[in-house]
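The values are calculated or read from the model by the stated rules, or taken from the named source; none is laboratory data. Because the structure is a prediction, the values reported are computed rather than measured. Here the Cβ positions follow ideal geometry from the backbone for every residue, glycine too, while neighbour counts run over all protein chains shown. Keep in mind that these areas ignore ligands, DNA and RNA; they rest on the heavy atoms of the full protein, side chains included. Shrake-Rupley method; radii C 1.70, N 1.55, O 1.52, S 1.80 Å.
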Amino acid sequence: MDASSSLASTAFIGIGQIRPLGAPVEPVSSGGGCGTTGGEGKASCGSSGGPDDMPQEIWDKVKNHPCYSEEAHHHYARMHVAVAPACNIQCNYCNRKYDCSNESRPGVVSQKLTPEQAVKKVLAVASEIPQMTVLGVAGPGDSLANPKKTFDTFRMLQESAPDIKLCISTNGLALPDLVDEICKYNIDHVTITINMVDPAVGEKIYPWIFWDHKRVTGYEAARILHERQMLGLEMLTARGVLTKINSVLIPGINDEHLIEVNREVKKRGAFLHNIMPLISEAEHGTVFGLTGQRGPTAQELKAVQDACMGGANLMRHCRQCRADAVGLLGEDRSEEFTLDKIEEMEIVYDLDKRKSYQDKVEEERQSQHAAKIEALESAKAQMGEVAPDMKVLVAVATEGHGRVNLHFGHATEFQIFEVSAAEALFVGHRRVDLYCQGGYGEDEQLPSIVKAINDCHAVLVAKIGACPRDELKAAGIEPVDAFAHEFIEKAALSWFADYTGRIARGEITHQPRGDASIRQGAYTAEAA
Ligand code: CLF
Ligand code: SF4
């Protein structure tokens, strides 16, 4: 049988199908499909680009920034210091008794720091984790609503650790007044959280801002914030600062509107657009949490991201980190660097040692890249004839190095790849609760893991036990350990070639998958 004529493309949720505000979240199904296709347009995730996709001076800025380069986040770490407690606006998704929801999971920041304490902490982390290349100020309030603390931290750090890149995240209200200061400290990565470009949408998200010594509310507040955000972005672009836009996807409020946001920020020179799911739980005490505003499902998030492809480059590997996160994205080592532990550490900031470690990381990265390209070519050569519009999602258990190298039971997140005959494209990740606890599989965790990857046709793992294997199969997700330790893209393409071959031979029937849930809150060491 001709595979191309027998395979239907997989149906994903389209942008027009995001459920209206207040509509109940449907339970995920193991086999049910959703209406129209999504995922059209070419891959435009510039954050996954390499040196061939961008000018050298831009590549030099992003190549070891874990947020600005998807590829770099496997190799380099970032840390945040919580020196900015105050905020000048109110977002309906934020309760500062917790964290800044736009850059962190809603959990209490363990310790707010003075600039002096922050610098000491950065030096301690940098001497222990030589691949930590970026320091960000991302809350728990707004970095630029606390300009003295933020810039004092950067000034002092530059004197003692000039190789660390500086990064800030802001709501943008104070930004235009501080662009000179940002440039003075060579902060060449700025994130602005922009959730709307229409104040009528904005007034549903921001109840007030503090502006010109008074509180401004309603439409007027959103209008001022919008104008300041656009002006700030334009000023940063004019000064050559790489600017990333974070947007919180709030179903029923700004879902379709984010396509317009993407267009407007691209016009003004934004380098990347990071569309993140709303985190909203009643216990966080936020307005949205208390009014029952839900966050998006996995397919709703993907539909909006896909609809933005071709516009500003998309970031899809954000982990919505804490304001005091330390380590690679997706891991949190902040507990190793509490103030009392730092006091006992012998801190030796050795620039040469850091550089030679990072040179080794680069070498390994280059050889991995070359090996991966070779492996991919061989995988594509095995591919039979497949319908060109057929795309499926696969979940991958990995602990790094770009390989399928993690036991199913040890995964706290799965990377998600969209696979077609042409490519295996990274499209996101899904957090899950650890299945294997204390050496035993926790069967109660399985339903939540299945829900998190329910839109995937297969899960690629290094190894998997008999019990989860059976349950995944029963849910319609194929557990695959045949490609253990291979490069992820190669493994995904090889599996896809095998899968489509089985369909073509009539051994199985291709079924569309259902939707999947986004687990609220970030991975933390304690959660594992
Ligand atoms: Fe931090 Fe943000 Fe700088 Fe990165 S985080 S201030 S740009 S160094 Fe990164 Fe974390 Fe997502 Fe932010 S993964 S929440 S995008
Ligand atoms: Fe909270 Fe950040 Fe919004 Fe301020 S800008 S209210 S800290 S989410």
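Amide H contacts for Ala325 (H built 1.01 Å from N in the peptide plane; partners 5 or more residues away or on another chain; cut-off under 5 Å): His80. Full extension of the segment from Ser356 to Glu116, taken as 0.36 nm per residue of separation minus the current Cα-Cα distance, would add 83.6 nm. Distant-in-sequence amide contacts of Met315, defined by a placed amide H-H separation under 5 Å and a gap of 5 or more residues or a different chain, comprise His273, Asn274, Ile275. Taken one residue at a time, the phi angles of region 495-507 give Karplus couplings (6.51, -1.76, 1.60, θ = phi - 60°) of 4, 4, 4, 5, 4, 5, x, 5, 5, 4, 7, x, 6 Hz. Gly and Pro are set to x.
Taking a point 7 Å out from the Cα of Lys473 in the direction of its Cβ, the residues of region 384-403 whose backbone N falls within less than 19 Å of it are 395. Approximating the spin labels as points 7 Å out from Cα along Cα→Cβ, the Lys97-to-Asp198 distance works out to 3.5 nm.
Normalised per residue, the accessible area of region 130-239 is 36 Å², obtained with a 1.4 Å probe and no contribution from ligands, DNA or RNA. Summarising the amide proton neighbourhood of Val427: residues at separation of 5 or more, or on other chains, whose placed amide H is nearer than 5 Å comprise Ile416, Phe417, Glu418.
For the peptides 189-202, 348-361, 500-513, residues were scored by their other Cβ atoms within 10 Å and the scores averaged per peptide; the highest-first order is 189-202, 500-513, 348-361.
When a 1.4 Å probe is rolled over the protein heavy atoms, the share of accessible surface on region 232-384 that falls to carbon and sulfur comes to 51 percent. Using a simple spin-label model with pseudo-atoms 7 Å out from Cα toward Cβ, Tyr219 and His485 lie 6.5 nm apart.
Near Lys149, which lysines are there with a Cα under 16 Å away, not counting those fewer than 8 places off in the same chain? By straight Cα distance, Lys149 reaches Lys112, Lys120, Lys121, Lys184. Taking the Cα centre of region 222-339 as reference, the dipole from Cβ charges on Lys and Arg (+1) and Asp and Glu (-1) amounts to some 540 debye.
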